[in-house]
Amino acid sequence: MAALGVPRHARQRLARTPQKRQHRRMTCFIALLRAINVGKRQVPMAELRMLVTGLGYGDVQSHVASGNLLFSGEGSAADVERTLDAAISERFGFPVETMVRTADQWPLYVAANPFPRESEAAPNRVLMLLSKAPPTPDAAARIAERAQAGEIVRAAGGAIWIYYADGVGRSKLSPVFIDRMIGSPATGRNISTVRKLAAMAGVAA
């Protein structure tokens, strides 16, 4: 384990980064970690916050144990995503993929929700999926071909949305299948979490 929980390559990055940040515009980011805290893929939130702080980001917060982060920093979302992917994977010893967006993008996701009625009645059954690369144009239609039991799939606002009528646990839409249809790794959060992250970032729609 690297000193202070910060991987070696990340310490080298910090050493090359100018420390005077007060005159630079800081961006609020929201990061979703994929497939953690299941089985042996354990990432304690306190350690994760410490790691991200050690990478030079500020105001680091987490929400529940599924891997939802808010923090401020410089650079593009793509640059931050690459930094987190490498640092988290090195620190915890297994590959971890993150989907990073700016907080300014988040209200657009909330507003694009194609299932407003279902979100009020059963918020844990409405899932928004964000992917590494933009979803393929026919991703929603291809996922919908395997949908069953009242499941509805829509593409909206740059995300894939799924309403699981009988709940996520009973669905035949596996993560591997969804990734293949979207064209890159994806991770999902229910609408309650999506709204909570917007509120935490101060950008609630």
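Since every read-out is calculated from the coordinates, none of them should be taken as a lab result. This structure is a prediction, so every number in the text was calculated from the model and none was measured. As a convention, Cβ positions derive from the backbone with ideal geometry for all residues, glycine included, and neighbour counts pool all protein chains shown.
For the range 180-189, 3J(HN,Hα) computed residue by residue from phi via the Karplus equation (6.51, -1.76, 1.60; θ = phi - 60°) reads 5, 6, 6, x, 6, x, 9, 9, x, 9 Hz, glycine and proline entered as x.
The alpha-carbon positions of the chain define a convex hull whose volume is 117 Å³ per residue. For the pair residue 94 and residue 27, label points projected 7 Å from Cα toward Cβ lie 3.0 nm apart. Summed over qualifying helices (DSSP H, 4 residues or more, each -39500 (n - 2.57)) and divided by its residue number, the chain shows a 222 nm mean residue ellipticity of -10000 deg cm²/dmol.
Full extension of the chain between residue 49 and residue 35 gives 3.3 nm of extra length, using 0.36 nm per residue less the Cα-Cα distance.
Taking the Cβ of residue 94 as the centre, find all other residues whose Cβ is under 15 Å away and add up their charges (Lys, Arg: +1; Asp, Glu: -1). It would help to have the intermediate numbers written out before the result.
Details: positive: 34, 40, 41, 91; negative: 47, 85, 90, 97.
That works out to 0.
Between residue 61 and residue 77, the contour length at 0.36 nm per residue exceeds the Cα-Cα span by 4.1 nm. Between the C-alpha center of the range 110-164 and that of the range 173-202 there is a gap of 9 Å.
Give the relative contact order (percent, whole number) for the range 106-200; include only Cα pairs under 8 Å separated by 6+ residues. Working shown, then result.
Details: 155 pairs, mean separation 36.5, N = 95.
Relative contact order comes out at 38 percent.
Just the Kirkwood number for the range 106-200, please: inverse of mean 1/r across all distinct Cα pairs, in Å, one decimal. Could the numbers behind the result be given before it?
On the way: mean 1/r = 0.0762 Å⁻¹.
Kirkwood radius, the range 106-200: 13.1 Å.
Applied to the range 148-158, the Karplus parametrisation 6.51 cos²θ - 1.76 cosθ + 1.60 on θ = phi - 60° returns per-residue 3J(HN,Hα) values of 8, 6, x, 5, 10, 10, 9, 9, 7, x, x Hz, with x for Gly and Pro.
Summarising the label geometry, the points placed 7 Å from Cα in the beta-carbon direction at residue 166 and residue 146 lie 1.6 nm from one another.
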